[in-house]
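Engineer: First the structure, which I've put down as structure tokens, then a few questions once you've had a look.
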Amino acid sequence: MKCAYCQDKACYQGKDCFGRKIEDLEAYRENPQDTRISRVATSIESDGYMKWCRVEEVIEFARRMGYSHLGIAFCVGMGREAETLQRILEKEGFKVTSVCCKMGGIEKSELGFKHIKEGRYEAICNSMGQARALNEAGTELNLIVGLCIGHDILFTKYSQAPVTTVVVKDRVMAHNPAGALYSGYYHRNKFGI
């Protein structure tokens with residue numbers, strides 16, 4: 001299937017192009033926690049539609065799920081944004097544990113990783129360590145703030161708590177990757193479409 005090319009998106013009105021409806025319904029019924037997450041997400045979509053920004057949605061989602069301890073896994077380059085988010089969440093009554101991507105200070109050469117600039121000390125982005133630290137802290141929901149591509153994947157893989165993204169890293173597009181999808185310049189000159 002190439003749903004992105006579908007012009008009518010008939011699934012929105014109930015069409016089952018995959019023939020999986022019954023199987024998928026059973027999967028939800030078999031896992032009450034996943035059903036609960038989906039139910040709360042649907043209520044956030046309904047109640048906050050075109051009213052709440054992503055940070056407000058995260059706060060409301062965490063409240064409705066009954067989470068009290070949130071984790072923030074952030075890129076060192078987004079320390080200010082992580083600090084602001086932590087202040088907001090704490091003001092809203094959450095316990096917050098945050099961990100920087102450079103935690104542990106492991107030098108890139110220790111793992112044979114490429115440096116940005118040779119001849120200087122560069123710590124790796126330790127996303128596996130971030131996940132382990134938040135697991136040990138007992139967070140109930142973890143928030144990604146600007147982790148690089150790949151590091152976000154490893155963090156999500158190793159996090160025991162559910163993970164959502166607040167900020168996506170995109171150094172070129174001011175952390176708005178959708179900009180490349182809207183830009184005619186990028187369509188023509190970068191991607192050739």
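Please treat every number below as a calculation from the coordinates, not as lab data. What you see is a predicted model, and the numbers here were worked out from it, not measured in a lab. Here Cβ is always computed from backbone atoms with ideal geometry, including for glycine, and neighbour counts include all displayed protein chains.
Engineer: Check the chain for me: any Cys whose beta-carbon has no other cysteine beta-carbon within less than 4.7 Å?
Structural biologist: By the Cβ distance rule, which asks for a partner under 4.7 Å, the isolated cysteines are CYS3, CYS6, CYS11, CYS17, CYS53, CYS75, CYS100, CYS148.
Engineer: Could you work out how far the C-alpha centroid of the stretch 1-35 sits from that of the stretch 101-160, in angstrom?
Structural biologist: Cα centroid of the stretch 1-35 versus Cα centroid of the stretch 101-160: 34 Å apart.
Engineer: Taking only the alpha-carbon positions of the stretch 1-72 and ignoring solvent, what does the Debye formula give for the base-10 log of I(q)/I(0) at q = 0.16 Å⁻¹?
Structural biologist: -0.81
Engineer: Most mobile of GLU90, GLU30, GLU107 per a Gaussian network model of the chain (Cα springs, under 10 Å)?
Structural biologist: GLU30
Engineer: Report the residue, chosen from GLN33, GLN13, GLN130, that carries the largest GNM mean-square fluctuation when the chain is represented by alpha-carbon nodes joined by springs under 10 Å.
Structural biologist: GLN13
Engineer: Can you give the Rg and Dmax of the stretch 31-163 based on its C-alpha atoms, in angstrom?
Structural biologist: Gyration radius and largest Cα-Cα distance of the stretch 31-163: 16.3, 53 Å.
Engineer: If eta is 1.306 mPa s and T is 10 °C, what Stokes-Einstein diffusion coefficient results for the stretch 88-129, Kirkwood Rh from Cα pairs, in µm²/s? Please list the in-between numbers first.
Structural biologist: Values: Rh = 12.3 Å.
Calculated translational D: 130 µm²/s.
Engineer: Give me SER98, SER127 ranked fewest to most by other Cβ atoms within 10 Å of their Cβ, as a rough exposure proxy. The partial results should precede the final answer.
Structural biologist: On the way: SER98 22, SER127 26.
Fewest to most other Cβ atoms nearby, the residues stand as SER98, SER127.
Engineer: Arrange the following residues from fewest to most other Cβ atoms within 10 Å of their Cβ: PHE155, PHE18.
Structural biologist: Least crowded to most crowded, the residues run PHE18, PHE155.
Engineer: Exposure proxy check: MET78, MET1, MET50 ranked by fewest other beta carbons within 10 Å? Don't skip to the answer; put the middle values down first.
Structural biologist: Values: MET78 21, MET1 7, MET50 4.
If I rank by nearby Cβ atoms, fewest first, I get MET50, MET1, MET78.
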